[in-house]
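For reference, the structure discussed in these notes is given below.
The values are calculated or read from the model by the stated rules, or taken from the named source; none is laboratory data. All values reported here derive from a predicted model rather than from experimental measurement. With ideal geometry, Cβ positions are generated from the backbone for all residues, glycine too; neighbour counts draw on all protein chains shown. The accessibility values were calculated without ligands, DNA or RNA, using every heavy atom of the protein model including side chains. Shrake-Rupley method; radii C 1.70, N 1.55, O 1.52, S 1.80 Å.
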Amino acid sequence: MAVSDRPTAGAVPAIATELGPWLSRYGTLAALALLILFNLAVTRNFATWQTLNINLTQVATIVIVAVGMTLVIASGGIDLSVGSLMAIAAALAPLIFLNRIVTFPSLYLGVAIAFVVPVLLAGLFGLFNGWLITRYRVQPIVGTLILFIAGRGIAQSFTDSNQVIFSTPEFQFIGLGRFFGIPVQVIIMVVIVVLAAWVLRRTVFGKQILAIGGNEAAARLSGVRVDRIKQLVYAISGLCSGIAGLIVIARNSAADSNLVGLGVELDAIAAVAVGGTLLTGGRASVFATLIGALIIQLVRFTLLANGVPDAAALVVKAGLIILAVWLQRRVAT
Amino acid sequence: MVITVSRRAFLAVSAGLVVATAARPTWAALPPLKKKDVYKVGFAQTESNNPWRLAQTASMQDEAKKLGHQLVYTDAAGSAAKQVADVNSMVAQGVDVIFLPPREEKPLIPAIMNAKKAGIPVILVDRDVDHSLAKPGEDYVTFTGSDFVDEGKRVAEWLIKAVGGKAKIIEIEGTVGSSPANDRKKGFDTALKGSPDMVILASQSGDFARDKGRQVMETLLQAHPDATAVYAHSDEMALGAIAAIEAAGKVPGKDIMVVGVDGEKAALEAIIAGKMGATCECNPRFGPGAFAIMKRYADGETLPTFIKNEDRFFDASNAKDMVATAF
C-alpha cells in the first residue's frame, strides 16, 4: 500500500535484507492486520458491524484532516492550524443555519449555506497560511502557528466562547445520516481519500507537490509555480479542516468553539507519520495515511475496550510513532 | 500524665518557631475590613472560555450592582502569571477586598501574600490554594466553593434509589488528575460501597468534553453491551454518552440510565425529555454567597476556613421548574 512517488531521478539505495523492503512497503498494513487479529482474540464483541461502524465514524474526521496534512507534508511543509480552522468552521455554521446572522427564507437554504460558507472560510484561512509562507518566506511551522493561536480566538469571538446547542437533522445529516447503511461521514472520508490519492498520483498538480517537497529549488528552476502550488495545498488543508469541523458538531448536536479540533493537528501528523510518510516531504501516500489513522484509532479502541487507562494509551501511541520512524530509517539507510 | 520532651526536640521546635516568626512578620494577622456602605471590590477571574465561568462572572457582577459596590473585574485568560499581575494591579489600585478563583494551587501564593501585606483581605472562590504555603484564616479570609465529593455522593444515592440498588455502571471520568474528577469519583464510588449489586463495569476518562465523552461511551458500550447505567463527571460528557447510546440503537433513560454533574441547562432539558435521570449542580453563582461572606467578615465574625457553596439537585421532579435558572 505504502507506494511512494519519487519525481526526482535519484537512485533508491539497495537494501541488504529481503525483509527490509517488504517491511517498509507493507509494515503498516501488517501492523493493522495484527491489531485486528489481536482484537478478534481478546476484545469482547469485536467481530460486529457496530465495531466497524464506531471505529470508522470516530476516525473519519482525523482522516479527513490528515489527508490535507499529507498533501502539506508532501510539499515539505506542516500545518499546525488545522484544529483552529475546524473550530472556526464549527463556530460559524450553527450561527448561519440558526438564523443568528441573517434570517433565511427557508431552512434548506440556510443549511446549504451553512455547509458551504464555513468550509470556504476555513479554506481562505488556509490560503492565508500559504500566502504567509510563500510571500514572506515564513517557515511553515511558524506561519501556521499564527492561526493555530489566533484561529481559536476568532472561533471563540463568533460565539463569545459560549457553546451553541442545536437540533437540526437537516444539517446533522453529515454526522448522523446514512446512505445504504453507511454513515455519511465515512462516505465523505472515502471520497476525500480516493480523490486526494488520485490527485497525488495521477495529476500534474500532484507531481508538482511532490517535486516541491523533494527539492524546492530544482522544482522552481524546472518551471513549477512553487508559490501558487503551495498556497493551494494549504488552502486544501483548510478546506479539509472545515469539513471535519462540521462533522464533529453535527455528531454532537453542539458547537463548542473552545474544544472543537483541540489537539487534532497532532493526531493528523501522527497518522501521517505512522502511515510511513517522511515528514521531510517529497514522498507521500494518502492510503498510507489512512492506514496510519486506522492503526491509531484501533489502538485507542483496543485499550479503551479492555479497560487500559488513558495515560497508557498515550504511551502506546508514541511507541507506534517510534516504530514507524524505525521502519522509515531502514529504507533510508 | 507525664509529658517528656527531649532537649533536642525542644530546641528544634523553638528554633522552628523563631524562624517562622522571623520569616513572617505579619504572622496570623489577617487584614481587617472596615464597615462601609460601598466597597471597591476586585474580582480576578481566571478565564472566560466556558459557560460555567461566564455564569460565575455574571453572578458576581449582578450581585455587586445590586448591592451598589464598585467591581474591578479582570480576566487572566487562562494564565496564572497574568492572574498574579491582575491581583497586584488591584492592590495598586487600592481595592477594599479581592475575590480570587486561583487558577493553580501554588503560583497565586505571591499575589495573595502581596495583598495581605497591603492590608487587603482576599476571599478565594471555587478553587483553593496549597495550605502549606498559605493558610485560610491567616493569609486569606476563607475558601468558598462546591464540595465535589458530596456531588458524587448525591448522584450515587439518587442512582441507587432509581435503579433499585441494582445496576451495571459505566463511569466516564473527568480530566485525569483534576480535583473535580478525583473527588467526584471518590464520592460516587464510596457511596456505592453499601450496595453490592451496583457494579462499575468500566471507568475511563472523557476529559470533561462532550465529543470525547461520546467516543469513550461508544467504545465502552460496545465492550459492555450489558451496561444499564452511566455516571459522567460532567453533564457535557453525559450528553455525549446519550448521543452514543442513541447511535447504538438503545433508548437513554429507559435501557440505560444516565446521570451527570454540573446542572447545565442542556442537561436539564435532557432530563425533561426523559433522556437523562438526574444531575447534581456545581453552582457557578457565587455572587450572593461571596458578598455575604464579605459582609460577615466586615462585621468582625470569625469565619470557618471552608464555606460550602450550596449545590441544587435536579431530576424529573423539579427540572421543569428549575430549567430557567440553570446556567
Once you order the gyration tensor axes a ≥ b ≥ c over the Cα atoms, which shape class does chain B get: rounded for a/c under 1.5, otherwise prolate or oblate by comparing a/b with b/c?
prolate
Kindly identify the stretch A:61-202 as rounded, prolate or oblate by the Cα gyration tensor criterion: order the square roots of the eigenvalues as a ≥ b ≥ c, call it rounded if a/c is under 1.5, otherwise compare a/b with b/c, prolate if a/b is larger, else oblate.
oblate
Using the Cα centre of the stretch A:60-261 as origin and beta-carbon charges of +1 (Lys, Arg) and -1 (Asp, Glu), tell me which of A:Ile249, A:Gln156, A:Gly83 is placed farthest towards the positive end of the dipole.
A:Gly83
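Around A:Leu303, what is the net charge, scoring Lys/Arg as +1 and Asp/Glu as -1 over all other residues with Cβ under 12 Å from its Cβ?
+1
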Output the pairs from B:Lys66/B:Lys106; B:Lys254/B:Lys320; B:Lys34/B:Lys185; B:Lys40/B:Lys186 with a Cα-Cα distance over 30 Å in this structure; if there are none, say none.
B:Lys66/B:Lys106; B:Lys34/B:Lys185; B:Lys40/B:Lys186
Order the peptides B:58-64, A:269-275, A:30-36, B:225-231 from the highest to the lowest mean number of other Cβ atoms within 10 Å of their residues.
A:269-275, B:225-231, B:58-64, A:30-36
Counting only DSSP beta bridges fully inside the protein assembly as shown, the antiparallel percentage to nearest 5 is 15
Helix B:235-247 vs. chain B, principal-axis angle (Cα, 0 to 90°, nearest 10):
10
Per the C-alpha gyration tensor (a ≥ b ≥ c, the square roots of its eigenvalues), the stretch B:148-282 is rounded if a/c is under 1.5, else prolate if a/b beats b/c, else oblate; here it's rounded
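Within 10 Å of each Cβ in peptide A:247-254, how many partner chain Cβ atoms are there on average? Round it to a whole number, please.
Per residue, the number of nearby Cβ atoms from other chains is 4 on average.
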Going by accessible area, probe 1.4 Å, with all protein chains left in place, what is the ranking of A:Trp49, B:Trp158, largest first?
A:Trp49, B:Trp158
Give me the inter-chain shielding for B:212-221: mean count of other chain Cβ atoms within 10 Å, whole number please.
5
TM-like helix rule applied to chain A (DSSP H, alpha carbon span at least 27 Å on the long axis, mean Kyte-Doolittle at least 1.6) gives A:107-135, A:286-305
In terms of the charge dipole of the protein assembly as shown, which places +1 on Lys and Arg and -1 on Asp and Glu at the beta carbon, the residue among B:Met322, A:Leu320, B:Gly174 farthest towards the positive end is A:Leu320
Treating the beta-carbon of each Lys and Arg as +1 and of each Asp and Glu as -1, no other charges, what is the dipole magnitude of chain B about its Cα centre, to the nearest 20 debye?
920
Counting only protein heavy atoms and a 1.4 Å probe, tell me what percentage of chain B's accessible area is made up of carbon and sulfur.
58
Ranked by accessible surface with a 1.4 Å probe, highest first, in what order do A:Arg202, A:Arg228 come?
A:Arg202, A:Arg228
Using unit Cβ charges (K, R positive; D, E negative) and no other charged atoms, how large, in debye to the nearest 20, is the dipole of the stretch B:148-282 about its Cα centre?
320
So what is the 222 nm mean residue ellipticity for the protein assembly as shown from helices alone, if each DSSP H run of at least 4 adds -39500 (n - 2.57) and you divide by all residues, rounding to the nearest 500 deg cm²/dmol?
-19000 deg cm²/dmol
For the protein assembly as shown, the charge dipole (Cβ of Lys, Arg +1; Cβ of Asp, Glu -1; about the Cα centre) points to a positive end, and the Cα of B:Leu133, B:Met198, A:Ala271 closest to that extreme belongs to A:Ala271
Please determine, in degrees from 0 to 90 and to the nearest 10, the orientation of helix B:7-23 with respect to the longest principal axis defined by the Cα atoms of chain B, where the helix direction is its Cα long axis.
90
So how strong a dipole does the stretch B:69-157 carry about its Cα centre when Lys and Arg Cβ are +1 and Asp and Glu Cβ are -1, to the nearest 20 debye?
280
Place the peptides B:266-274, B:208-216 in order of packing, highest mean first, counting for every residue the other Cβ atoms within 10 Å and averaging per peptide.
B:208-216, B:266-274
Work out from phi, with θ = phi - 60° and the Karplus expression 6.51 cos²θ - 1.76 cosθ + 1.60, the ³J(HN,Hα) of each residue of the stretch B:32-42, listed in order in whole Hz, and give x for Gly and Pro.
x, 10, 5, 7, 9, 8, 10, 10, 9, 10, x
Other chains near B:203-210: what is the mean number of their Cβ atoms within 10 Å of each residue's Cβ?
5
Relative contact order of chain A, defined on C-alpha pairs under 8 angstrom at six or more residues apart (%):
35
Rounding to the nearest 10 and keeping the result within 0 to 90°, find how far the Cα-based axis of helix B:210-223 lies from the longest principal axis of chain B.
50
Amide proton proximity set for B:Met276, modelled H, under 5 Å, gap of 5+
B:Ile271
Check which residues have an amide H placed less than 5 Å from B:Phe208's amide H, if you skip close sequence neighbours.
B:Thr175
Can you order the peptides A:235-244, B:116-125 by their average number of other Cβ atoms within 10 Å per residue, highest first?
A:235-244, B:116-125
